[in-house]
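First comes the structure, then the notes that go with it.
Here, each number is a calculation from the coordinates, and none is a lab measurement. Predicted model, so just to flag it, every value in this text is computed and none were measured. Every residue, glycine among them, receives a Cβ derived from its backbone with ideal geometry; neighbour counts consider all protein chains shown.
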Amino acid sequence: MNKTNDESHQIYFRISQIKKNAFFEKDLASLGATVQDLATLKIDLAINIGQNSEEGLFIIKFRAIYKIKDNLQILGIESESIFSILDHQLVLKNDDCGNMLIPQDILNKFAAIAVGATRGMLAVMNTNPQYQEYVLPPINIEKMLSEENRRKY
């Protein structure tokens, strides 16, 4: 796949790996909960972006944890998607620390792919019939990655 960066360089990338890092599914009865408690379902989402500048890799970790009353975790998944930027030394700039600077539209695309992959994993892995109607809903990636939602560490 390709995109163009600010200076009209073509940016070619490939998906190097998509994998599940973690998954859990708890039975309601074991938590002292009932099917009616699913009406209070909330989903905590997290996205973590990393990179390996030497190899031209961008790593997107995405996590979704489903919770009911009193923050009881009933279902969760974390995935990792690794994207390889071809000829990254030529098409991407680096900041003062040597980190690759990737255009926001490409980053949004990577995140959308990671979320979609996680959605599919969750659908396949979910074995509890009570949870099967609770899919990962559409997510506004641009809003999730916006400056106001970023945490700096």
Item to check | Selected residue (criterion: surrounded by the most Cβ atoms within 10 Å (Cβ to Cβ)) from residues of region 135-147 that are free of Cβ contacts under 8 Å to residues at least 60 places away in the same chain and within 13 Å of the chain's Cα centre (by Cα) | outcome: Ile141
Next on the checklist: Quick check on region 118-134. Is at least one of its residues within 30 Å of Thr34 (Cα to Cα), crowded, with 17+ Cβ neighbours inside 10 Å and without any contact (Cβ under 8 Å) to a residue 40 or more places away in the chain?
Outcome noted: yes
